[in-house]
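Each remark here refers to the structure printed beneath this line.
The values are calculated or read from the model by the stated rules, or taken from the named source; none is laboratory data. All of these numbers come straight from a predicted model, not from anything done at the bench. All Cβ positions, glycine included, derive from the backbone under ideal geometry; neighbour counts span all protein chains shown.
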Amino acid sequence: MIFAANLANYEKLLQQKYEVSSSIWHKGERGRQRENGLMMFLRETLPAAYGVASGEIMPFMGKKPSPQCDIIVYDRLRTPVFGRNQAVQQIPLEGVYAVIEVKSSVDAKAIADVKNKFARIKALPRCRNRVRLKKGFRRSPSYYLFGYKLATSTEACKEFMNGFSDAEDVGVVALDKGLGIWLESQNEPTRVVWLNASEQEQGFHETLMYFFRIPASRS
C-alpha cells in the first residue's frame, strides 16, 4: 500500500499546486504553471528510460512538425532531442510514447481542442518498420487529455475516447473525479469505462495512481 499511498500524496500536492496557480492573473502563465506541475511529477518519478519534454514532434519526412505539445513522453535512451536545453524541444515521432495535453478543466472546449491537435499528430508520416510487433504492442503514441477538474459528463469523455481512438490509444483524466480506462474481456470487445477513483470517503486519492501506468506497449 505504500506505493499507492505515495502516489495519493503526490496527487494531493498536484491539486494544491493547481489551487495556488489560480491566483495567477495571466491566462498563459497560469496554464504553464499547471503544465509544469504534472511535468515535474513525471520527470521525478518515471524511470530513467523515459524522457519528458515540452515542444514539437517531428516526422521523418515533411516540412512541418506537430503543433506545440504540453508534455511529450519519449524514449530517452534511443531518441535524439533537438533543443534539449531550450524552452521548446523537438522529438522525432518514432521515439514518442505519449502525448499529454493539460487543461484546467475537462469540458467540451478542451475535448474539441485536443481532438484537433491529436488528429494533426496522428496524420504525421511515420517511418516504415519491418519488424513484426508482439501481440498487444503498438508503435504509435498514446494520447491523453489531462485536466484538474471535470466540467462535463463522464459519458462525453467515454464518447471521445471511443470515437477518436485507433487502437485504445486515447485517454481522459480528471484529477478530481477519475479517469477513463480501456477494459479488456475475453468474451467481449474492449470498451471504455469511467473509474471514479478520487475523493474516496477515507480520503485516499487514486486517480494519479491509475494514470501513472503510461503504457510503454510500443517498440
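Which of the residues spanning the range 156-176 are in contact (Cβ under 8 Å) with a residue 12 or more places away in the chain, of a type outside the set (G, A, S) and surrounded by fewer than 21 Cβ atoms within 10 Å (Cβ to Cβ)? Scanning the range 156-176 gives K158, N162, F164, D166, E168, D176. The set of residues in the range 201-218 that are buried (at least 18 other Cβ atoms within 10 Å of the Cβ) and either modelled with pLDDT of 90 or more or of a type in the set (F, W, Y) (or both) contains only F211. Filter the range 83-122 down to the residues that are in a helix (DSSP H, G or I) and β-branched (V, I, T), then identify the one that is surrounded by the most Cβ atoms within 10 Å (Cβ to Cβ). Among those that are in a helix (DSSP H, G or I) and β-branched (V, I, T), it is V114.
Scanning the range 56-87 for residues that are β-branched (V, I, T) and either in contact with a Lys or Arg (Cβ under 9 Å, 6 or more places away or on another chain) or within 14 Å of C127 (Cβ to Cβ) (or both) returns I57, T79. The residues of the range 143-170 that are in a helix (DSSP H, G or I) and either under 27 Å from Y18 (Cα atoms) or of a type in the set (D, E, K, R) (or both), listed by number, are T154, E155, A156, C157, K158, E159, F160, M161.
Against the test of being modelled with pLDDT under 95 and out of contact with any strand residue (DSSP E or B) (no Cβ under 8 Å at 6 or more places or on another chain), the options R43, R76, R139 yield a single qualifying residue, R139. Contact map, the range 184-195: first residue farther than 18 Å from T154 by Cα, second residue modelled with pLDDT of 80 or more, Cβ cut-off under 8 Å, separation 6 or more or different chains; pairs are E184/T190; S185/R191.
Kindly establish whether D70 is closer than 20 Å to L208 by Cα and either part of a loop (DSSP other than H, G, I, E, B) or more than 16 Å from the chain's Cα centre (by Cα) (or both). Against the criterion (closer than 20 Å to L208 by Cα and either part of a loop (DSSP other than H, G, I, E, B) or more than 16 Å from the chain's Cα centre (by Cα) (or both)), D70 does not qualify. Is it the case, given these coordinates, that K63 is more than 15 Å from Y144 (Cα to Cα), out of contact with any Ser or Thr (no Cβ under 9 Å at 6 or more places or on another chain) and outside any helix (DSSP H, G or I)? It is true that K63 is more than 15 Å from Y144 (Cα to Cα), out of contact with any Ser or Thr (no Cβ under 9 Å at 6 or more places or on another chain) and outside any helix (DSSP H, G or I).
Here's a check for you: in the range 43-53, which residue that is surrounded by fewer than 18 Cβ atoms within 10 Å (Cβ to Cβ) and not small (G, A, S) is nearest to L7 (Cα to Cα)? Even if it seems obvious, please write down each step before you answer.
As a first pass, look at the range 43-53 and keep what is surrounded by fewer than 18 Cβ atoms within 10 Å (Cβ to Cβ): 43-49.
Now drop any that are not not small (G, A, S), which leaves 43-47.
Details: R43: 14, E44: 12, T45: 10, L46: 12, P47: 15 Å.
Restricting to residues being surrounded by fewer than 18 Cβ atoms within 10 Å (Cβ to Cβ) and not small (G, A, S), the top hit is T45.
For the range 177-188, which positions are small (G, A, S) and buried (at least 19 other Cβ atoms within 10 Å of the Cβ)?
Scanning the range 177-188 gives G178, G180.
Within the range 14-28, being modelled with pLDDT of 75 or more and exposed (fewer than 13 other Cβ atoms within 10 Å of the Cβ) holds for Q16, E19. Sub-8 Å Cβ pairs linking a first residue in the range 86-102 that is hydroxyl-bearing (S, T, Y) to a second residue that is surrounded by fewer than 20 Cβ atoms within 10 Å (Cβ to Cβ) and in a loop (DSSP other than H, G, I, E, B), at least 6 apart or interchain, are Y97/I214; Y97/P215; Y97/A216; Y97/R218, ordered by first then second residue.
Residues in the range 54-82 that are surrounded by 20 or more Cβ atoms within 10 Å (Cβ to Cβ) and at positive phi: how many? Residues in the range 54-82 being surrounded by 20 or more Cβ atoms within 10 Å (Cβ to Cβ) and at positive phi: 1 in total.
Taking the condition at pLDDT below 85 and touching a Gly at 6+ places or on another chain (Cβ under 8 Å), does S198 pass?
yes
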